[in-house]
Amino acid sequence: MMMMLVYIYKSRLQALTAKHLDLHILKNLCLKTPIFRNYRTKTTTPTNAESSEFKISFLQNEYGLSKKSLIRASECLSFDFSDQRAHSVLQLFRTFGFPRPNINKIISKYPGILKGYHPEMLIKPKLEFLLSMDLSRAEVIAIVTKCPPILHRSLNNRIKPTFNLLSSLIGSRDTLVLLKHNPHILTAYRIQDLSFNFEFLCELGVPRFQIVKYLAGPFPVLGKPHDKLRSVALKVKGMGFDLSSGYFFDAVVALCHVTDSTWEARCVLFRSFGFSNHEIDLMLRKLPRIMCYSEKKISESVQFVVNKLQWTPSRLSCHPAILSYSLQKRTIPRCSVLQVLVSKNITRESYRLSTILSLTQRKFLMEYVNAHMDKVPEVMEAYQGKLRFDEYTFKQKGQ
């Protein structure tokens, strides 16, 4: 072997000398590119694909988890053949009585739960605490399935204090009802802000049941920094909103999620379509969240309703909910169905469009599509968005 290396070295030296290279350069070149590297033994290490395939295979074979949840989990996890973290967590779920579909949902929503958690020290105590609150095992499983991050929050610093605070504010029984409806209440709020905000809104005159309703809602507005919520609530009250109405909280949520500059930009946009300040205020009282919509959605919806359906800004300000619907998935298809019925002389009646757009998909399909499919097959094409009109001439009540 040594003789072979020497031979190769000399061969390389002769080839370079033949090109009249400087001896000093030649030595440096040989030292910088050692020939030994060509004979280094290569070690085989698992590729990322192989590691991912192992993880998916392991979890699928061991626990029968779905392919979809496993693929997502494998992208977040890093363990090898000797790692027992994922196995320990899943085994705890199985021992506690979690059905396989629930485990699938938990891993799909929060795959990180399999990484770095000591189940006996960090997960089990939280499950036991939830059980101690007069919740059945099935209810605890449902809560964790809805909100897996609850197992990530600190038991002593977040979960227990939040539960105790809510119990002191609205009672233990109502807290349990809220918890089953929206488990995120134990993870989404800062204790101090929640306490201050609750007390401030009560002092402001907001009915207690409205505050509780928004505790259970999808927007954790009561968890906003106290200074922010206080400022927004006082501003909404100054706009003339009724504190006992649900519209008050809708406006608070809207203002908490948009800046003052965005709010003013939306008002400017509505004025560009001919809305007066009074009409904008009227629209805001009925649909405060309209200020959270993008300029594109507002512009396209208003242009269609005003230009195609011949609504005036005054009428639209009285029925702003029409702007909340999807233009492409609901408003245009349903208007097209009505236009087909009129154009085929199936009906001559007038329609109250605001009511028709508010119907559930099932009810509209049954009353306006399926009921006329035999005589007018085109209604299905219109409903599917394949048939549209430049003009909508069907009569509208109240226009």
ask   = If you take the charge dipole of region 191-246 about its Cα centre, with +1 on Lys and Arg Cβ and -1 on Asp and Glu Cβ, which of Val206, Met239, Ile191 is farthest toward its positive end?
value = Met239
ask   = Assigning unit charges at the beta carbon (Lys, Arg +1; Asp, Glu -1) and nothing else, what dipole magnitude in debye, to the nearest 20, does region 305-390 show about its Cα centre?
value = 180 debye
key: Cut-off under 5 Å, modelled amide H: who pairs with Tyr351 long-range   = Lys395, Gln396, Lys397
query = Mind listing the phi-derived Karplus ³J(HN,Hα) values for region 140-151, rounded to whole Hz, using 6.51, -1.76 and 1.60 with θ = phi - 60°, and x for any glycine or proline?
reply = 5, 4, 5, 5, 5, 5, 5, 9, x, x, 4, 7
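Summing Lys, Arg as +1 and Asp, Glu as -1, what charge do residues with Cβ under 15 Å from the Cβ of Glu378 carry, Glu378 excluded? The partial results should precede the final answer.
On the way: positive: Arg334, Lys344, Lys375, Lys386, Arg388; negative: Asp374, Glu381.
So the surrounding residues net to +3.
Over region 109-198, what relative contact order in percent results from Cα pairs under 8 Å that are six or more residues apart?
28 percent
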task = Please work out the average accessible area per residue across region 224-370, using the 1.4 Å probe convention, and give it in Å².
result = 48 Å²
key: Table column - 3J(HN,Hα) (Hz), region 89-99, Karplus curve with 6.51, -1.76, 1.60, x for Gly and Pro   = 5, 5, 5, 5, 4, 5, 5, 6, x, 5, x
query = Gap in Å between the Cα centre of region 100-133 and the Cα centre of region 343-365?
reply = 48 Å
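Just the number, please: carbon plus sulfur as a percent of the accessible area of region 145-260, 1.4 Å probe, no ligands or DNA/RNA counted.
Numbers: 2830 of 5340 Å².
Answer for region 145-260: carbon and sulfur cover 53 percent of the accessible area.
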message = From the phi angles alone, apply the Karplus equation (6.51, -1.76, 1.60; θ = phi - 60°) to region 296-310 and give each ³J(HN,Hα) in whole Hz, x where the residue is Gly or Pro.
response = 5, 5, 5, 4, 5, 5, 5, 4, 5, 5, 6, 7, 8, 9, 6
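The values are calculated or read from the model by the stated rules, or taken from the named source; none is laboratory data. Keep in mind the model is a prediction, meaning the values are calculated, not measured. Please note: Cβ atoms are built from the backbone with ideal geometry, for glycine as well, and neighbour counts cover all protein chains shown. These accessible areas exclude ligands, DNA and RNA; they are computed on the full protein's heavy atoms, side chains included. Shrake-Rupley method; radii C 1.70, N 1.55, O 1.52, S 1.80 Å.
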